[in-house]
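**Q** This structure is in structure tokens; I'll ask about it shortly.
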């Protein structure tokens, strides 16, 4: 087979190729043409657009992002998603296992998913209480069922819940704890505290870190020295004893909300140092650039230079740092509450839900009490995948 | 190099002083004081304390002096006599209590660290060398899991699984029979039986982290020119990798060795609490919550000092490995 064509034939085949690909493009107008347009558009795209396009290629990260949005929506609309208030008790159903959802009833007929009523009966042989289902009556599950009335965000009265039985029959999707409180509802309400502590806390330490790191890196000299010593000092104090000391200092009389904010403050006061160091390093490497000199000559204020000119140079690192810091904060709050130093019952957070799980014999008999662990791990894994995708997207060296 | 070290050491002393103040303050922060919680505990048991006894208690523990004076007494005793005071709760010198628990903690931590490195380094290196192979994906997935699961939750789930499968409560380091027995071969065998759970839990997270770091930094190194040059010059493949890129890729890990110091002595606190290990962690937790001032304070002080020394060691190691840092 010839590897080179004689000139005339090459020309002819060139135009054939051009004609043919033009025809093909017209036929596959959809994807091919769109991809062509996209590629041309990307040649002039901004930094963020490029990051977005690369991010979308990382399917796992995109899925994680949407799942996280779903989690936060659940947290925001907790009243609606959870069938019950976290404090509602079912005195007849202490330590109940999750309500079984059936599709076939006793007579082997098919219905839409439903549940049976449960009562506790004393088992004559072992003298323990067992929960027996009463198969005579069917309580179908409904979406958007009428349930307990609540005030959405304390403002809007409503009584529609995402799932319910439209009757008084308790629906314990994840079982109940020792006071008969529905674990699923408590997990949903607990997500409010746990997820938002992560967000708010990270934003506070984010702001502090950028401000102090930026000042330290930009001005240098004495200011830099002082702030660096401060950072080293804070890092030297072992974290958990510091947390313990600070949270043990929270007065017991404070309400749940006040404790919530106190914990955020505690976690952020320690957390800003990592970011500050990174910001300082980046600013030191960027501050000799020409555009900074130009900004200075144009009499831009120092703060403006830091935030408007230097900062966008390493936005990618900042984004990645946030997605790594948030699960750290969530775990910090979980640890504190688990040790009894943070949110305590009756207020709910995932960590406080696990307090009961400290006794392994209890979990041995009632394993559904471990379900908050799944929620925590889910949130952390999602953030990790998201962070991984963002890191790949922000890295200018990967294709 | 020596100037760098000198500068670092010079800052050490004031930092240590500051940190000791903070340690003291952190212990004092929980309001109420030891005497109050002691009295409360007594009252719960049915006893009662009248005002005069309470004052006597306060004077006995030296809590009536102003905070500043308390601090100076505490620090001078430590520096001059090595006397960390007595634990209120146990009524024994803090030093004795620490001597009991610290060696055990250190043994456990050091074993888990060695285990972690032995497992993680080869896996990380292999993962980088065979990038995108099945094993690479497998270990990347495992390390993701390992990084996402907090150790104490992992411990909880493991405990549950062991309990359900065997009915055996795998807490503590020894079975009740061997708890206070003198050391013997049988006791050692018992220890081996029980110690795998804490070791597993403590190693998993660090292994995951090290695998990822090792893989990332080795991948960075393998892209560089000198590797190609070495290959082109005919070095056997194993030497190409072992002699150069690995030495550089290990840098990030070596520079974190300093941080191991406080971790080794402190041990993983929450995991120890969950698994009920007789290490330093649970004791410190109870001391802080119960305001056992001298015990908690002494321990926090030791940890802070070790952290600072560890940071110093890290910095020195980093400066030794990477000459650019010495110019900072």
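Readers should treat all values here as calculations from the given coordinates under stated rules, not as data from a laboratory. Everything numeric in this text was worked out from a predicted model, so none of it was measured. In this analysis, Cβ positions are derived from the backbone assuming ideal geometry, glycine residues included, and neighbour counts consider all displayed protein chains.
**Q** If we count other beta carbons within 10 Å of each Cβ, what is the order of B:192, A:244, B:106, A:174, fewest first?
**A** So the residues, fewest neighbours to most, are B:192, B:106, A:174, A:244.
**Q** What is the helix-to-structure angle for B:280-289, meaning the angle in degrees between its Cα long axis and the longest Cα principal axis of chain B, kept from 0 to 90 and rounded to the nearest 10?
**A** Value to nearest ten degrees: 40.
**Q** Go ahead and set up a Gaussian network model of chain B, Cα springs under 10 Å, then flag whichever of B:314, B:48, B:76 fluctuates most.
**A** Greatest mean-square fluctuation among the candidates belongs to B:48.
**Q** Helix-only mean residue ellipticity at 222 nm, chain A, DSSP H runs n ≥ 4 weighted -39,500 (n - 2.57), per residue, nearest 500. What is it?
**A** Rounded to the nearest 500, it is -18500 deg cm²/dmol.
**Q** Quick check on the exposure proxy: order A:193, A:270 from fewest to most C-beta atoms within 10 angstrom.
**A** A:270, A:193
**Q** Still on this structure: Taking the Cα atoms only, what angle lies between the long axis of helix B:33-44 and the longest principal axis of chain B, rounded to 10 degrees?
**A** 70
**Q** Shifting gears a bit: Going 7 Å from the Cα of residue B:12 toward and past its Cβ, which residues in the stretch B:81-122 have a backbone nitrogen under 18 Å from where you end up?
**A** No residue qualifies, since no backbone N sits under 18 Å from the label point.
**Q** Normalised by the number of residues in the stretch B:98-292, what is the relative contact order in percent for Cα pairs under 8 Å and 6+ residues apart?
**A** Rounded, it is 35 percent for the stretch B:98-292.
**Q** Need one value for A:363-373: mean number of C-beta atoms belonging to other chains within 10 Å of its residues' C-beta atoms.
**A** What the average comes to for A:363-373 is 3.
**Q** Something else: Suppose R0 equals 35 Å. What FRET efficiency, 1/(1 + (r/R0)^6) with r the Cβ-Cβ distance, do residue A:42 and residue A:76 give to the nearest 0.05?
**A** 0.50
**Q** Follow-up. Specify, per residue and in Å³, the volume enclosed by the convex hull of the alpha carbon atoms belonging to the protein assembly as shown.
**A** So the per-residue hull volume is 296 Å³.
**Q** Residues of the stretch B:84-108 with amide nitrogen under 12 Å from the 7 Å Cα-to-Cβ point of residue B:45?
**A** B:89-91
**Q** Other chains near A:346-358: what is the mean number of their Cβ atoms within 10 Å of each residue's Cβ?
**A** For peptide A:346-358, the averaged partner shielding equals 1.
**Q** Taking Rh as the Kirkwood radius computed over C-alpha pairs, what is the Stokes-Einstein D of the stretch A:137-207 at 20 °C in a medium of viscosity 1.002 mPa s, expressed in µm² per second?
**A** 149
**Q** Tell me the relative contact order for chain A as a rounded percent, counting alpha carbon contacts under 8 Å between residues six or more apart.
**A** 19
**Q** Defining a contact as two alpha carbons under 8 Å apart and six or more residues distant in sequence, what relative contact order in percent does chain B show?
**A** Relative contact order here is 28 percent.
**Q** Could you sort B:122-132, A:323-333 so that the peptide with the highest average Cβ count within 10 Å comes first and the rest follow in order?
**A** A:323-333, B:122-132
**Q** Separate question: Using a Förster distance of 22 Å, how high is the FRET efficiency between residue A:290 and residue A:228, based on the Cβ-Cβ distance and rounded to 0.05?
**A** Once the sixth-power term is evaluated, E becomes 0.25.
**Q** At R0 = 35 Å, how high is the FRET efficiency between residue B:137 and residue A:207 if r is their beta carbon distance? Nearest 0.05 is fine.
**A** The value I calculate is 0.40.
**Q** I would also like to ask the following. Please compute, for peptide A:228-237, the average count of beta-carbon atoms on other protein chains lying within 10 Å of each residue's beta-carbon.
**A** For this peptide, the per-residue mean of nearby foreign Cβ atoms is 5.
**Q** How far apart, in nm, are two points set 7 Å out from the Cα along the Cα-to-Cβ line at residue B:110 and at residue A:69?
**A** So the two model labels end up 5.3 nm from each other.
**Q** Taking chain A as a Gaussian network, where each spring joins two C-alpha atoms under 10 Å apart, which residue of A:364, A:214, A:30 fluctuates the most?
**A** A:30
**Q** Calculate how steeply helix B:257-266 sits against the longest principal axis of the alpha-carbon atoms of chain B, using the helix alpha-carbon long axis, and give the answer as 0 to 90 degrees to the nearest 10.
**A** Tilt of helix B:257-266: around 30 degrees.
**Q** If you don't mind, another one. Test of understanding: ordering B:207, A:135, B:171, B:279 by Cβ neighbours within 10 Å, fewest first, what list do you get?
**A** A:135, B:171, B:207, B:279
**Q** Quick one: among A:218, A:72, A:16, which has the greatest mean-square fluctuation in a GNM of chain A with alpha-carbon springs under 10 angstrom?
**A** Comparing A:218, A:72, A:16 in the GNM, the peak value goes to A:16.
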